[in-house]
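All remarks here apply to the structure that follows.
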Amino acid sequence: KAGVTQTPRYLIKTRGQQVTLSCSPISGHRSVSWYQQTPGQGLQFLFEYFSETQRNKGNFPGRFSGRQFSNSRSEMNVSTLELGDSALYLCASSGTGDEKLFFGSGTQLSVL
Amino acid sequence: QKEVEQNSGPLSVPEGAIASLNCTYSDRGSQSFFWYRQYSGKSPELIMFIYSNGDKEDGRFTAQLNKASQYVSLLIRDSQPSDSATYLCAVISGGSYIPTFGRGTSLIVHP
């Protein structure tokens, strides 16, 4: 069974640009969550999607958005990038009713 | 504000020793508790979960939960250099399924 797949693995952008990250969950998993990880703040919850609906949202500005498609694949978008957005962005999927998270390899975003 | 606290470490133990990692949480309504291991440059991987007070053992790992004192711990017996990683504690409150993560404890097992 394939794991959670995130693309791209690395991204370098400049301030003001926007970026889209992609996540394909484990087959059969309908919940996809996104996290931002930085050395200073640890793992911070961005949002969670289930069956194409955003079920939960963390405390991030509106520049951070996401969506989920009918095949459960999810994308995350960050607009008007700031230097502080440099981080590892992790996607995790879970089965219905299951609290265990399975993480992808992450996308390392560097904003210059 | 739900908080999960961990000592950042590093915790250094010799090979073969028992490593003890601790985590405290603020929300008394918390019901599910997880330990994730994250190797440097890799993503977190679930290694243990516990829901009830007491101990839960899985191989060399034991999770301990004390809801009255609001702490959860992870014991690693016969520590190996391959156990060197950051260990993240995650807690889910009742009525939610979104975990709050601690910042992690760095464990170094030296030969």
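No value in this document is a laboratory result; all are computed from the given coordinates. Here the structure is a predicted model, which means the values were calculated and not measured. Note that we place each Cβ from the backbone using ideal geometry, even for glycine, and neighbour counts take in every protein chain shown.
From the convex hull of the Cα coordinates of chain B, what is the mean projected area in square nanometres?
Details: hull surface 26.3 nm².
Its Cα hull, projected and averaged over all orientations, spans 6.6 nm².
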Margin query: Per residue of region A:68-76, what does 6.51 cos²θ - 1.76 cosθ + 1.60 with θ = phi - 60° give for ³J(HN,Hα)? Whole Hz please, x for Gly and Pro, Karplus curve as stated.
Written below: 9, 9, 5, 8, 6, 4, 10, 10, 10
Next item on the list: Quantify how much of the Cα-Cα distance distribution of the protein assembly as shown extends past 26 Å, in percent.
Entry: 37 percent
Margin query: With +1 on the Cβ of every Lys and Arg and -1 on the Cβ of every Asp and Glu, and nothing else charged, how large is the dipole of region A:22-86 about its Cα centre, in debye rounded to the nearest 20?
Written below: 180 debye
Notebook entry, point to check: Nearest 20 debye, what's the magnitude of the dipole of chain B about its Cα centre given +1 on Lys and Arg Cβ and -1 on Asp and Glu Cβ?
Noted result: 200 debye
Item checked: Of B:T62, A:L81, A:F102, farthest towards positive along the dipole that unit charges on Lys, Arg, Asp, Glu beta carbons give the protein assembly as shown -> A:L81
Notebook entry, point to check: Taking each residue of A:95-105 in turn, how many C-beta atoms of other protein chains fall within 10 Å of its C-beta, and what is the average?
Noted result: 4
Notebook entry, point to check: Other chains' Cβ within 10 Å of B:94-100 residues: what's the mean?
Noted result: 5
Checklist line | Dipole of chain B, positive direction: furthest Cα of B:A85, B:S73, B:T24, with charges on the beta-carbon | finding: B:T24
Check: Other chains near B:30-39: what is the mean number of their Cβ atoms within 10 Å of each residue's Cβ?
Finding: 2
Item checked: Whole-angstrom gap from region A:1-61 to region B:1-80, using each part's C-alpha centre -> 24 Å
Next item on the list: Quick one: what are the phi-derived ³J(HN,Hα) couplings along region B:20-32, Karplus 6.51/-1.76/1.60 with θ = phi - 60°, whole Hz, x for glycine and proline?
Entry: 10, 10, 10, 8, 10, 9, 9, 8, 5, x, 5, 10, 10
Next item on the list: Using packing as a proxy for protection, rank A:24-32, B:98-106, A:60-68 so that the peptide with the highest average count of other Cβ atoms within 10 Å comes first.
Entry: B:98-106, A:24-32, A:60-68
Check: What size of dipole, in debye to the nearest 20, comes out for the protein assembly as shown about its Cα centre when the only charges are +1 on Lys and Arg C-beta atoms and -1 on Asp and Glu C-beta atoms?
Finding: 520 debye
Margin query: I'd like to know which of B:V13, B:P111, B:Y36 lies farthest towards the positive end of the charge dipole of the protein assembly as shown, counting +1 on Cβ of Lys and Arg and -1 on Cβ of Asp and Glu.
Written below: B:Y36
Note to self: I'd like the chymotrypsin sites (Phe, Trp or Tyr not before Pro) in region B:20-74 restricted to DSSP loop residues with at most 16 other Cβ atoms within 10 Å, sorted by number.
What the structure shows: B:Y39, B:Y51
Notebook entry, point to check: Percentage of Cα-Cα pair distances in chain A greater than 20 Å, rounded to whole percent?
Noted result: 33 percent
Check: Going highest first, how would you order B:85-92, A:48-55 by mean Cβ packing within 10 Å?
Finding: B:85-92, A:48-55
Next item on the list: Quick one: what are the phi-derived ³J(HN,Hα) couplings along region A:96-112, Karplus 6.51/-1.76/1.60 with θ = phi - 60°, whole Hz, x for glycine and proline?
Entry: 4, x, 9, 8, 6, 9, 10, 8, x, 6, x, 10, 8, 9, 10, 10, 9
